[in-house]
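Asker: Here it is, the structure in full.
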Amino acid sequence: MEDYLGYLDRVKRALADLEVDEINPLLKGALEAGVKAPDLLNAMSAGMEVVGRRFEAGEYFLADLVLAGEEMKEGVEVLKPHLSAGDTGGKGAVVMCTVKGDIHDIGKNLVCIMLSSAGFKVVDLGVDVPAEKVVEAVRGNSAFAVGLSVLLTTMVGSIGEVVEALRSAGLRDSVKIAIGGACTTQELADRYGVDALGRDAVEAVRIFSGWAA
Ligand code: B12
């Protein structure tokens, strides 16, 4: 048990300290030792939070953030085969994206991975996505829900644009909408009339599973 937690702690610290060459061998070793992939994903996420705090404290710079983002992506590639439970997307389709004007995708990607390993068909539209693209994807995939990632306070208006576009297309009543990301609050969710706010990828799975039931 101590070993198990030890692995998680080392993964978290490797990401937080930007030890680029460490992370992949560490993840592989941990998987071989029987550490579960979702736990490793959470450990990386916790490491990323430390990176965010260090950036805010002026200890890290933008280049460090980019490096951490790359590290995170590479790590996720190692974990991916161990996360998807041979999923068939049987729980229904969810459209995910980062809203227009925002290019942060680390959190969104984590949510996508967790949702698809929970059995959803995830239609990931990427970053900086205009509202019309969301409408098209909902229609084209008969999606029952939309997940919007928003990290920039200046871009919260993009949430309203998606809600409005779905309403104009006559789809708002058949689709649930969740938001998440650093700058989202319950106040914001209420303001734009979205159905849920999720704090992390685990909560995202809980929210969408509740709607799929
Ligand atoms: C990494 C990072 C970057 C990287 C992004 C790399 C990438 N590929 O994503 C780079 C360097 C490119 C970047 C750029 C910028 N960034 Co930046 N960035 C960050 C940082 C440090 C971490 C974000 C992150 O990845 N967190 C880790 C992930 C795992 O967490 P998460 O995103 O919150 O996601 C989790 C949950 O929120 C939730 N979740 C997320 N989405 C969703 C969706 C749904 C539906 C649900 C249910 C849940 C959910 O689940 C996720 C997993 O647990 C944050 C600091 C912070 N505190 O967030 C600043 C931050 C978001 N950035 C900020 C800024 C200002 C910028 C820039 C404008 C900087 C600049 N001057 O150029 C640009 C923006 C460019 C643009 N147009 O988007 C500000 C935003 C301030 C604000 N409130 O508006 C922050 C808060 C930093 C700060 N304090 O100044 N950034």
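Asker: Output the residues belonging to segment 134-158 that are in contact (Cβ under 8 Å) with a residue 60 or more places away in the chain and open to solvent by less than 10 Å² (accessible area, probe 1.4 Å). Walk me through it before giving the result.
Answerer: Residues of segment 134-158 that are in contact (Cβ under 8 Å) with a residue 60 or more places away in the chain, as a first pass: 144-145, 147.
Correct list: A145, G147.
Asker: A further question follows. Go through segment 119-137 and report how many residues are over 14 Å from K100 (Cα atoms) and away from the ligand (no atom under 14 Å from the Cβ).
Answerer: Of the residues in that region, 4 qualify.
Asker: For the subset of segment 159-183 comprising residues that are within 11 Å of the ligand (Cβ to nearest atom) and not basic (K, R), which member is most open to solvent (accessible area, probe 1.4 Å)?
Answerer: A182
Asker: Mind checking which helices (runs of 4 or more DSSP H) fall wholly inside segment 19-133 and carry at least 1 residues that are open to solvent by 30 Å² or more (accessible area, probe 1.4 Å) and touching a strand residue (DSSP E or B) at 6+ places or on another chain (Cβ under 6 Å)?
Answerer: Fully inside segment 19-133 and qualifying: 106-117.
Asker: I've got another one for you. Out of segment 184-202, which residues are open to solvent by less than 30 Å² (accessible area, probe 1.4 Å) and in a loop (DSSP other than H, G, I, E, B)?
Answerer: Result: T184, V194.
Asker: Do the conditions hold for L148, that is, is it touching a strand residue (DSSP E or B) at 6+ places or on another chain (Cβ under 7 Å), near the ligand (Cβ under 9 Å from one of its atoms) and not assigned by TED's automatic domain parsing to the domain that holds A37? Lay out the reasoning, then the answer.
Answerer: Numbers: touching a strand residue (DSSP E or B) at 6+ places or on another chain (Cβ under 7 Å): yes; near the ligand (Cβ under 9 Å from one of its atoms): yes; not assigned by TED's automatic domain parsing to the domain that holds A37: yes.
So L148 fits the description; yes.
The values are calculated or read from the model by the stated rules, or taken from the named source; none is laboratory data. Nothing here was measured: the structure is a model prediction, and the numbers come from that model. Cβ coordinates were reconstructed from backbone atoms using ideal geometry, including for glycine residues, and neighbour counts include every protein chain displayed. The area values use the complete protein model at the heavy-atom level, side chains included, leaving out ligands, DNA and RNA. Shrake-Rupley method; radii C 1.70, N 1.55, O 1.52, S 1.80 Å.
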